[in-house]
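Colleague: To start, I am sharing the structure in question, which I have written as structure tokens.
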Amino acid sequence: MNSTLGCLGNALWFLLGGVFMGLMWWMFGVLCFISIVGIPWGRACFVMGNFAFFPFGKMPVSRDVLTGTPDVGTSVFGTVGNIIWLLLAGIWIAIGHLLSAICCAVTIIGIPFAWQHVKLAALALCPIGKTIVPAPVAQAAEEAATLRDYHNKR
């Protein structure tokens, strides 16, 4: 996406409701940090909250795809963490994004915003092990991961 168009999309997104969902992510992040045991989830909430504030021109990508090496968040512990997250908070954030998507989809101009909310709702279900990068970096990382997988299978 062209940077001017991305900036315009992010500005409109923020002013027309993105701020509320970003704050919701941050609120859950603060609650996770207060609980001490929820600090890993809190960190993910703040990363995803920043993405929820300004989503255009960025994409979520699995950290093992990005770096080429697995870590705790992309291992079985990350899967367990995502299941716990889904049951405690992920479902509520996803519902918030889906309701926001429905509201945005009512108008033609809101359809791109509705689509972003749908993508954020999917991300809300399992944010552990993911990070946010510029869209070209995410695409390059996915292509590199595909090549790595191809060469590893040969």
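The values are calculated or read from the model by the stated rules, or taken from the named source; none is laboratory data. Nothing here was measured: the structure is a model prediction, and the numbers come from that model. Positions of Cβ are backbone-derived with ideal geometry, glycine not excepted, and every protein chain shown enters the neighbour counts.
Colleague: Answer yes or no as to whether Trp25 is within 12 Å of the chain's Cα centre (by Cα), part of a helix (DSSP H, G or I) and either surrounded by 15 or more Cβ atoms within 10 Å (Cβ to Cβ) or of a type outside the set (Asp, Glu) (or both). Reasoning before the result, please.
Modeller: On the way: within 12 Å of the chain's Cα centre (by Cα): yes; part of a helix (DSSP H, G or I): yes; either surrounded by 15 or more Cβ atoms within 10 Å (Cβ to Cβ) or of a type outside the set (Asp, Glu) (or both): yes.
Taking the combined requirement at face value, the residue satisfies it.
Colleague: With respect to Ala122, determine if the residue is free of Cβ contacts under 8 Å to residues at least 60 places away in the same chain, in contact with a helix residue (DSSP H, G or I) (Cβ under 9 Å, 6 or more places away or on another chain), not in a loop (DSSP other than H, G, I, E, B) and not basic (Lys, Arg).
Modeller: yes
Colleague: Can I ask one more? Residues to consider are Ile93, Ile108; find the one that is β-branched (Val, Ile, Thr) and within 16 Å of the chain's Cα centre (by Cα).
Modeller: Residue meeting the stated conditions: Ile93.
Colleague: Restricting to region 128-154, count the residues that are among the hydroxyl-bearing types (Ser, Thr, Tyr) and closer than 28 Å to Trp41 by Cβ.
Modeller: 1
Colleague: Which residues, taken from region 59-83, are in contact (Cβ under 8 Å) with a residue 12 or more places away in the chain, of a type outside the set (S, T, N, Q) and closer than 15 Å to Ile39 by Cα?
Modeller: Result: Gly73, Gly78, Gly81.
Colleague: Would you be able to tell me the number of residues in region 66-85 that are modelled with pLDDT of 90 or more and under 17 Å from Pro134 (Cα atoms)?
Modeller: 0
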